[in-house]
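Structure first, commentary second.
The values are calculated or read from the model by the stated rules, or taken from the named source; none is laboratory data. Every value quoted in this text rests on a predicted model; they were computed, and no experiment measured them. Virtual Cβ from ideal backbone geometry, glycine too; neighbours counted across all protein chains shown.
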Amino acid sequence: MIHKHSSELRALNTILPTDCVPRDTFQNIQARAHTENSPRAQVELGDIFMYGLKGQERDASTAAYLYQKAATAGLPEAQTQMGMIMYQNISNAIAPGNPDAQSLTRPLPVERCQADAKLTSYLQYLWVYLNDAASQGYISYFAVTQTRNANIVNSGGSYEVPEILQTAFDKIGEEANQIFLEKAGEVNPLACFSKECPVLVENESMLKLCSKCRVAKYCSKTCQVQSWKAGHKLECLAPL
């Protein structure tokens, strides 16, 4: 199963959807995170500081510290979050202020990373965190996207995927294909892929395929744009 941590439902450092906001009080979450040393509470507290929730100021450094504690304790959601932070660190170092750093889907400039010791370290940690999560059966959309990107770059001969991670890569690739098969099977063949659209067309040929994933189908360009903004951009991958 491919999992979504709350941070994958939108770009980093933006607004957290209402259904992802921690429900407990800040004081209770803080107590569980620090006094009880609960990894899950540490992730919730990290979200609070990352997104400025429950009356707290945004503090990315504190959030990263909390995510890292939970990741070290073995919580795969936190390991995935740390992988995303490594990705953002690389993107921001290469192009400060570039909104692409928030997308979590862009291929990393591997050759540029390999030429810089700090970026190489970020890249190595990114794969270590994603591999740790995958080893527990936790496959994220972010991991699927980055695995696909790495394998595409590798096919050009410029980046050799570390052997120790290949098993996890293969597993992620299998999961990526499976999720598309499942999604294709769940959708009414006459329905627009946009969750906000009630349209059922008379003939399947009236729906236009997403040119990238070749799974999502839309009745109009408007629906395609709405679906992309609502989250399809985080799961839209060309078939492996």
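Every test in (1) modelled with pLDDT of 90 or more; (2) more than 29 Å from residue 230 (Cβ to Cβ) is passed by residue 93 save one, and that test is (1).
Looking across the range 65-77 at every residue that is more than 17 Å from the chain's Cα centre (by Cα) and not in a helix (DSSP H, G or I), the one that is farthest from residue 136 (Cα to Cα) is identified as 73. Of the residues examined, residue 72 is one that is at pLDDT 90 or above, surrounded by fewer than 15 Cβ atoms within 10 Å (Cβ to Cβ) and farther than 28 Å from residue 213 by Cβ.
For every residue, the table says whether it meets (1) assigned by TED's automatic domain parsing to the domain that holds residue 125; (2) at pLDDT 95 or above; (3) part of a helix (DSSP H, G or I).
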residue: 11; (1), (2), (3): yes, no, no
residue: 22; (1), (2), (3): yes, no, no
residue: 29; (1), (2), (3): yes, yes, yes
residue: 37; (1), (2), (3): yes, yes, no
residue: 63; (1), (2), (3): yes, no, yes
residue: 80; (1), (2), (3): yes, no, yes
residue: 83; (1), (2), (3): yes, no, yes
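Taken over the range 207-223, the criterion of being under 12 Å from residue 191 (Cα atoms) and either among the hydroxyl-bearing types (Ser, Thr, Tyr) or crowded, with 19+ Cβ neighbours inside 10 Å (or both) is satisfied by 207, 216, 217, 218, 219, 220, 223.
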